[in-house]
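Everything on this sheet refers to the single structure shown next.
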Amino acid sequence: MAFVWLVLGLVLLFLSGDWLIKGSVALSRRFRVSTLVIGLTVVAFGTSAPELFVSVKAAWDGVPDLAVGNVVGSNIANIGLILGLVAMVVPIVSQNRGILFDWVVMVLATLLLMYFAYNGTIGFWEGLTFVLTLVLYVLWSVWQARRKSAQQGETFLAPGLLLWQALSLIVLSVAGLYVGAEWLVKGAKSLALSWGVSDRVIGISVVAFGTSVPELATSLIAVFRKENDISVGNIIGSNLFNILAVLGVTSLISPLRINDNAMLSVDLLISILFAVVLLVFMLPLKSGCVRRWKGALLFLGYVLYMYVLYT
């Protein structure tokens, strides 16, 4: 049955990813903001929903290492596995220089997580700081995008969907992403537990992969639809949401105690390393392109990390 849940989860995730892109593109056109901003906000929130549900449940079940490992592992998988695989299929071209600001915020959020987790606990006030930072970031991104569009006289295509249709499609897709991720994680976790590995390893590898599949589905569909900024924005935005929203909300509900020091000394540093490599691969930002060979290097780096994790 574990394999059945895996297959059903994957199918539902890819269908939901397609709905999320359609609804999000229509929303960006209706509110006259760039697809990069929509990727960084609406799409990122939608594809990060599984991480939120899984981490909250893990915290309530008394396995905080699984909750934090899920987020850190997802952030590593988003760049190494997801962007790597997508770029190997279709090179990702992004010409939006504003992505540098979003990348800096992503790295600063990771460093802030390292600082908050240094004493072994992410508590209520740390969680509140994460959530408030996210709110400010989203408001700033939308304001900047609308101001830039107005200055440049940017034109937008017709939305194609009414507002309620776009919003309904997004809500339906998020629900589908949650259920699909739940099915996939259910099957994957059953297999991993039978191997007898730790909560940290399960969180960083199996559960992180399962909750990152929405990003894979959404990013693949985005590049096939020629919405490259949504693909890149989705990954950076998801990493931001994973730290600021997922860990923020989870620690507001229940303090997260980190029992495995390797999370701080190894895994968070690896996530920053992948972020730095991504920026280097996207230079120059004015006409950046993550080509197939760069995607292959990201993917191989992720595979090597998983190999070391399990040995």
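The values are calculated or read from the model by the stated rules, or taken from the named source; none is laboratory data. None of these values were measured; they are calculated from a predicted model. Backbone-built Cβ (ideal geometry, glycine too); neighbour counts: all protein chains shown. In case anyone asks, the SASA skips ligands and DNA or RNA and just uses the protein heavy atoms, side chains included. Shrake-Rupley method; radii C 1.70, N 1.55, O 1.52, S 1.80 Å.
Please go through (1) in contact with a helix residue (DSSP H, G or I) (Cβ under 6 Å, 6 or more places away or on another chain); (2) outside any helix (DSSP H, G or I) for Leu247 and return the number of the only condition it doesn't satisfy.
Checking Leu247 against (1) in contact with a helix residue (DSSP H, G or I) (Cβ under 6 Å, 6 or more places away or on another chain); (2) outside any helix (DSSP H, G or I), the one that fails is (2).
Within region 210-258, how many residues are over 23 Å from Leu169 (Cα atoms) and either at pLDDT below 75 or among the β-branched types (Val, Ile, Thr) (or both)?
Total meeting the criteria: 5.
Test each condition in (1) at pLDDT below 75; (2) over 26 Å from Asp267 (Cα atoms); (3) part of a helix (DSSP H, G or I) for Ala26 and report the one that comes out false.
Ala26 satisfies all of (1) at pLDDT below 75; (2) over 26 Å from Asp267 (Cα atoms); (3) part of a helix (DSSP H, G or I) except (1).
In region 270-295, how many are open to solvent by 20 Å² or more (accessible area, probe 1.4 Å), outside any helix (DSSP H, G or I) and of a type in the set (Val, Ile, Thr)?
Residues that pass the stated criteria total 0.
For region 206-221, what are the residues that are more than 10 Å from the chain's Cα centre (by Cα) and open to solvent by 10 Å² or more (accessible area, probe 1.4 Å)?
The answer is Val206, Phe209, Leu220, Ile221.
Is it the case, given these coordinates, that Leu298 is within 17 Å of Leu240 (Cα to Cα), open to solvent by less than 90 Å² (accessible area, probe 1.4 Å) and not charged (D, E, K, R)? Step through it out loud before you land on a result.
Numbers: within 17 Å of Leu240 (Cα to Cα): no; open to solvent by less than 90 Å² (accessible area, probe 1.4 Å): yes; not charged (D, E, K, R): yes.
Answer is no for this residue.
With respect to Gly80, is the statement that it is in a helix (DSSP H, G or I), out of contact with any Ser or Thr (no Cβ under 8 Å at 6 or more places or on another chain) and closer than 14 Å to Ile235 by Cα true? Give the steps one after another, and end with the answer.
Numbers: in a helix (DSSP H, G or I): yes; out of contact with any Ser or Thr (no Cβ under 8 Å at 6 or more places or on another chain): yes; closer than 14 Å to Ile235 by Cα: yes.
Yes.
May I ask you to list the residues in region 29-71 that are within 18 Å of Glu182 (Cβ to Cβ), outside any helix (DSSP H, G or I) and either in contact with a helix residue (DSSP H, G or I) (Cβ under 6 Å, 6 or more places away or on another chain) or at pLDDT 75 or above (or both)?
Val63
Are any of the residues in region 259-279 in contact with a strand residue (DSSP E or B) (Cβ under 7 Å, 6 or more places away or on another chain) and touching a residue at least 60 places away in the same chain (Cβ under 8 Å)? Give the derivation first.
In the first step, residues of region 259-279 are kept if they are in contact with a strand residue (DSSP E or B) (Cβ under 7 Å, 6 or more places away or on another chain); the result is none.
Scanning region 259-279 turns up no residue that is in contact with a strand residue (DSSP E or B) (Cβ under 7 Å, 6 or more places away or on another chain) and touching a residue at least 60 places away in the same chain (Cβ under 8 Å).
Looking only at region 155-169, decide whether some residue is outside any helix (DSSP H, G or I), at pLDDT 70 or above and not basic (Lys, Arg). Give the steps one after another, and end with the answer.
We begin by selecting, within region 155-169, every residue outside any helix (DSSP H, G or I); these are 155-162.
The next check asks that each one be at pLDDT 70 or above; those that pass are 161-162.
Next cut, not basic (Lys, Arg) only: 161-162.
Scanning region 155-169 turns up at least one residue that is outside any helix (DSSP H, G or I), at pLDDT 70 or above and not basic (Lys, Arg).
Could you run through region 222-266 and say how many residues are of a type in the set (Phe, Trp, Tyr) and either more than 24 Å from Thr129 (Cα to Cα) or surrounded by fewer than 21 Cβ atoms within 10 Å (Cβ to Cβ) (or both)?
Applying the first criterion (of a type in the set (Phe, Trp, Tyr)) to region 222-266 yields 224, 241.
Imposing the further condition that a residue be either more than 24 Å from Thr129 (Cα to Cα) or surrounded by fewer than 21 Cβ atoms within 10 Å (Cβ to Cβ) (or both) reduces the set to 224.
Number of matching residues: 1.
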